[in-house]
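Remarks on the structure that follows.
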Amino acid sequence: MIRVVTTAGFVLLALTASPRTSTPAFDVASVKPLDAAAALRTPIDSRIQPGGRLEMTNVTLRTILQEAYGLKHYQLSGGPGWMNTDTFTIVAKAEGDPTRQQMMAMLQTLLADRFQLKVHREAKEGNVYRMAIAKGGMKLQPSTADKFRFSTYRNDPPGVSYTLVGQKASTAQIAEGIGSHLGVRVVDGAGIAGEFDFKLGPFAGDDDPDSGPSIFSVIQEQLGLKLEAAKGQIEMLIVDRAEKPSPN
């Protein structure tokens, strides 16, 4: 049995947190911290409702930042330690029916106002993987799907093994999806034109060989691709300042 989990050259740019009259903002917003006991019994959830309503429940500031700025978790650095542990519930309402992009811009303004957030972007060289064609050639199949899809499945028992499924995906999208699962940037070095359907797995969720084969061996066997350790530029969001908000 499998269960769907969820599906996931740079110029220095300072993003200060002082709101301006032209800055998009919610009409009303509530930010409430959860104590440890409440966090244990409260489900984690995040959703945008029709009519400009945003609800984020029992989420860390790190998670909120990833949503607001469209980041993978490895693209976020800095900030206080509580950013990764303390959780908050946010309920906010905007006028009209804004797009997700507009809502995320409003969320950035909210973070600047309530968390006194100050951040900047920069590119850093770090450890990445390069996805290339393995010896024996690529085994990806041309897509027969009508739209793009990339999902991560967690196989029972939870946390032991995973399966990735993609439809109508380019090799660049495959690399990005694998990188999201691994928590590291994966650069597309295959550069194969076209869109593909694939199923990758099951593979182990950790480095324990008793849990099953690693993603590194499975991707070579099943897709004819390989992941090579490399160095590359990673676009980062650096948290310069964040303060705990007052309950409201």
State the number of residues belonging to the range 89-123 that are among the acidic types (Asp, Glu) and assigned to a helix (DSSP H, G or I). 1
For the range 94-111, pairs from a residue that is within 14 Å of Pro50 (Cα to Cα) to a residue that is assigned to a loop (DSSP other than H, G, I, E, B) and aliphatic (A, V, I, L, M), with Cβ under 9 Å and 6 or more apart or across chains, are Ala94/Ala25; Gln102/Ala94; Met103/Ala94
Flag for Ala134 being on the phi < 0 side of the Ramachandran plot and in contact with a strand residue (DSSP E or B) (Cβ under 7 Å, 6 or more places away or on another chain): yes
For Thr144, which of the numbered conditions (1) loosely packed, with under 15 Cβ neighbours inside 10 Å; (2) under 30 Å from Gln49 (Cβ atoms); (3) out of contact with any Gly (no Cβ under 8 Å at 6 or more places or on another chain) fails to hold? (2)
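Would you check if Leu110 is farther than 30 Å from Ile192 by Cβ and crowded, with 16+ Cβ neighbours inside 10 Å?
Here the answer is yes, as Leu110 does meet what is asked.
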Being within 30 Å of Leu111 (Cβ to Cβ) and outside any loop (DSSP other than H, G, I, E, B), is that true of even one residue in the range 217-232? yes
Considering residues that are part of a loop (DSSP other than H, G, I, E, B) and surrounded by 17 or more Cβ atoms within 10 Å (Cβ to Cβ), the number found within the range 233-248 is 2
Only residues in the range 135-164 that are assigned by TED's automatic domain parsing to the domain that holds Gly205 count as the first member; pair them with residues that are of a type in the set (Val, Ile, Thr) and at pLDDT 95 or above, Cβ under 6 angstrom, at least 6 apart or cross-chain, and list the lot. Ser151/Val165
Out of the residues in the range 161-186 that are part of a strand (DSSP E or B) and under 16 Å from the mean Cα position of the chain (by Cα), state the one that is farthest from Glu235 (Cα to Cα). Leu164
Going by the conditions given, is Asp97 modelled with pLDDT under 95 and touching a Pro at 6+ places or on another chain (Cβ under 7 Å)? yes
I'd like the full set of residues that are closer than 17 Å to Ala175 by Cβ and of a type in the set (Val, Ile, Thr), limited to the range 190-243. Ile192, Ile215, Val218, Ile219, Ile234
Which numbered condition in (1) under 26 Å from Gly78 (Cα atoms); (2) in contact with a helix residue (DSSP H, G or I) (Cβ under 9 Å, 6 or more places away or on another chain); (3) of a type outside the set (Phe, Trp, Tyr) is the only one that Glu176 fails? (2)
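Among Lys124, Lys72, Lys118, which is the only one that is closer than 25 Å to His181 by Cα and over 17 Å from the mean Cα position of the chain (by Cα)?
On the way: Lys72 fails: over 17 Å from the mean Cα position of the chain (by Cα); Lys118 fails: closer than 25 Å to His181 by Cα.
Residue meeting the stated conditions: Lys124.
The values are calculated or read from the model by the stated rules, or taken from the named source; none is laboratory data. Computed from a predicted structure; not experimentally measured. Every residue, glycine among them, receives a Cβ derived from its backbone with ideal geometry; neighbour counts consider all protein chains shown.
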